[in-house]
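Peer 1: This is the structure I have questions about; it appears just below.
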Amino acid sequence: MINHLPKAELHIHIEGSLEPELMLTLAERNGLPAPFSSIQDAQAAYAFSDLQSFLDIYYKGAGVLITEQDFYDMTWAYLLRCRAEAVLHTEIFFDPQTHTERGIDISTVINGIDRALQDAKNQWGQSSHLILCFLRHLSSEAAMETLEQALPYKDKLIGVGLDSSEMGHPPSKFQAVFERAISEGLLTVAHAGEEGPADYIWQALDLLKVSRIDHGVRCIEDEQLMERLIAEQIPLTVCPQSNLKLCVVDDMSQHNILDLLNRGLLVTTNSDDPAYFGGYLNKNYDALVEHLNMTQEQAVQLARNSFTASFLSEQQKILFN
Ligand code: ES4
Ligand code: ZN
C-alpha cells in the first residue's frame with residue numbers, strides 16, 4: 001500500500017543517485033579510470049563511519065560525469081525510479097561546484113539535468129523542481145561566484161541550498177550569498193542539524209531565511225527550537241536510511257522521525273543519496289514500518305506532509321492531494 005502512495009521527494013542529491021553500474025559505464029564512455037573495479041567493489045566501499053567518509057567517496061564517484069548527456073542519463077535513471085515508486089513530484093539538489101571545480105561548465109550540468117526533467121514531464125507528467133546547492137566546505141566567495149554563474153539559468157531553478165561537511169561551516173558563513181539569491185527571487189533551504197548542533201538550525205532560519213531544514217534531526221536537543229518548528233510548521237526533510245548509514249543514529253529503531261511527527265513537526269521522509277545508502281524513497285518508508293512500527297496513518301501523514309512542504313504552488317498542491 002505504502003509503495004503506491006502518491007509521494008513527493010524533497011531531499012535527493014542527484015549525484016547521490018548515480019548507481020555503480022552507470023558510474024562504470026560513464027567512466028568507460030569518457031575514457032576515464034573507473035573509480036571502482038567492479039560493482040561489488042563499489043558496494044564494499046560504501047561502508048561509512050560519518051558524513052565526511054561518505055562525501056570523500058561521493059565526490060570521487062561524481063568525477064565520471066563529463067558531458068551533458070552524462071548528466072541527462074544520471075537524472076533520467078532517477079526519474080524512472082520516481083515513476084516506478086509513485087513519486088509524483090521531486091525537488092532535486094545538484095552540486096555545481098563538484099563539477100565546475102573539475103573544469104565542467106555549469107551550463108553542461110544544468111542543461112543535462114533540465115533536459116531530463118523536461119522529457120519526464122512531457123512523457124508521463126513528472127513534476128519537479130531543481131535546487132542548486134553550495135558546498136559549505138568551500139569559501140563563501142566561491143559560492144557567490146557559483147551563484148553568479150547560475151543566474152543566466154535562474155528560470156530553471158526554484159531555489160538554493162547548502163550541503164557538504166557541516167561541522168565548522170555554519171550557515172552564517174553564507175549569509176551574503178543567500179541574501180543575494182533571495183534578492184534574485186530564489187527560495188532557500190539548508191542542511192542543518194544532521195551532524196551539526198541545533199544552533200545551526202537557528203542560524204539557517206534567522207540568517208539564511210530558509211523555508212525548510214534538510215535533516216534537522218538534532219532539533220530534538222533544543223526544546224525552544226522544537227516549539228518554534230512546530231508553531232511555524234517549518235518542514236524538516238528527514239532521511240532515515242542516510243542517518244543510519246552515516247551513523248547519525250546507531251540503529252533505525254532509535255530514529256526520532258516518528259517522535260518528531262507525533263510532536264506535530266512537519267516532517268517528511270526522503271532518500272538523500274539513494275545509490276549510496278541502500279535504496280530509494282519506498283525503501284525509506286519500508287524501513288520505518290519495519291524498525292519503528294510506523295502505522296498506515298503515519299505513513300499517509302508523511303506522504304501528505306511531503307506535498308505540504310514542497311515548493312509547489314497552493315493550486316498545484318490541491319491537484320496532487
Ligand atoms: C549529503 Cl547526506 C549529505 N549531507 C550533506 N551534504 C551532502 N551532499 C550529498 N549528501
Ligand atoms: Zn542531503
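Peer 1: Counting only helical runs of four or more DSSP H residues, what would the 222 nm mean residue ellipticity of the chain come to if each run contributes -39,500 (n - 2.57) and the total is spread over all its residues? Could you put the intermediate results ahead of the total?
Peer 2: Values: 16 runs with 157 residues, N = 321.
Calculated mean residue ellipticity at 222 nm is -14500 deg cm²/dmol.
Peer 1: Which value, in debye to the nearest 20, describes the size of the charge dipole of the chain about its Cα centre when Lys and Arg Cβ atoms bear +1, Asp and Glu Cβ atoms bear -1, and nothing else is charged?
Peer 2: Values: 22 positive and 45 negative charges, 156 e Å.
Charge dipole, the chain, about its Cα centre: 760 debye, nearest 20.
Peer 1: Suppose the chain between Lys121 and Ala86 were pulled fully straight at 0.36 nm per residue; how much longer would it get relative to their current alpha carbon spacing?
Peer 2: Values: separation 35, 0.36 × 35 = 12.60 nm, distance 1.41 nm.
Working it through step by step, the gained length comes to 11.2 nm.
Peer 1: Can you bin the chain into rounded, prolate or oblate? Criterion: square roots of the alpha carbon gyration tensor eigenvalues sorted a ≥ b ≥ c, rounded for a/c under 1.5, prolate for a/b above b/c, oblate for the rest.
Peer 2: Numbers: a/c = 1.31, a/b = 1.18, b/c = 1.11.
It is rounded, given that a/c, with a ≥ b ≥ c, falls under 1.5.
Peer 1: Just how large is the dipole of segment 197-265 about the Cα centre, in debye to the nearest 20, putting +1 at every Lys and Arg Cβ and -1 at every Asp and Glu Cβ? Before the final figure, lay out the partial values.
Peer 2: Numbers: 6 positive and 11 negative charges, 58 e Å.
So the dipole magnitude of segment 197-265 works out to roughly 280 debye.
Peer 1: If you average the alpha carbon positions of segment 164-241 and of segment 95-129, how far apart do those two centres end up, in angstrom?
Peer 2: Cα centres, segment 164-241 to segment 95-129: 25 Å.
Peer 1: Farthest toward the dipole's positive end in segment 2-320, which of Ile158, Thr237, Gln43, given Cβ charges of +1 (Lys, Arg) and -1 (Asp, Glu) about the Cα centre?
Peer 2: Looking along the dipole axis, the top candidate is Ile158.
Peer 1: Can you classify segment 10-94 as rounded, prolate or oblate using the Cα gyration tensor, where a ≥ b ≥ c are the square roots of its eigenvalues, rounded means a/c under 1.5, and otherwise it's prolate if a/b beats b/c and oblate if not? All intermediate terms of the calculation are to be shown ahead of the outcome.
Peer 2: Values: a/c = 1.81, a/b = 1.25, b/c = 1.45.
Oblate shape, in that a/c is at least 1.5 and b/c is the bigger or equal ratio.
Peer 1: Separate question: Report relative contact order for the chain in percent, whole number only (criteria: Cα-Cα under 8 Å, sequence separation at least 6). Could the numbers behind the result be given before it?
Peer 2: On the way: 553 pairs, mean separation 64.2, N = 321.
Reported as a whole number, the value is 20 percent.
Peer 1: Something else now. Taking 8 Å as the Cα distance limit and 6 or more residues as the minimum spacing, I'd like the relative contact order of segment 24-66 as a percentage. Show your work: numbers first, answer last.
Peer 2: Working: 22 pairs, mean separation 20.0, N = 43.
After rounding, I find 47 percent.
Peer 1: Going 7 Å from the Cα of Glu290 in the Cα-to-Cβ direction, what parts of segment 247-280 have a backbone nitrogen less than 20 Å from that spot?
Peer 2: 247-259, 269-280
Peer 1: What does the C-alpha gyration tensor say about the overall shape of segment 1-154? Classify as rounded when a/c is under 1.5, otherwise prolate if a/b is larger than b/c, or oblate. It would help to have the intermediate numbers written out before the result.
Peer 2: Details: a/c = 1.43, a/b = 1.10, b/c = 1.31.
Because its axes are fairly even, with a/c under 1.5, segment 1-154 counts as rounded.
Peer 1: Under the Karplus relation 6.51 cos²θ - 1.76 cosθ + 1.60, θ = phi - 60°, what is the ordered set of whole-Hz ³J(HN,Hα) values for segment 85-96, x standing for Gly and Pro?
Peer 2: The phi angles translate into 10, 6, 8, 6, 9, 9, 10, 9, 8, 9, 10, x Hz.
Peer 1: Now for a separate question. In the chain, with Lys and Arg counted as +1 and Asp and Glu as -1 at Cβ, which of these residues, Ser310, Ile213, Ser127, has the Cα nearest the positive end of the dipole, that is, farthest along it?
Peer 2: Ser127
Peer 1: What trypsin sites (Lys or Arg not before Pro) does segment 1-104 have in DSSP loop regions with at most 14 other beta carbons within 10 Å? Spell out each step's value before the answer.
Peer 2: Working: sites: Lys7, Arg29, Lys60, Arg81, Arg83, Arg102; in loops: Arg102.
In loop regions of segment 1-104 (DSSP not H, G, I, E or B), the sparsely surrounded trypsin sites (Lys or Arg not before Pro) are Arg102.
Throughout, read-outs are computed from the coordinates displayed, never taken from laboratory work. Everything numeric here is computed off the predicted structure, so don't read it as measured data. Cβ sites come from the backbone with ideal geometry, for glycine too, and all protein chains shown count toward neighbours.
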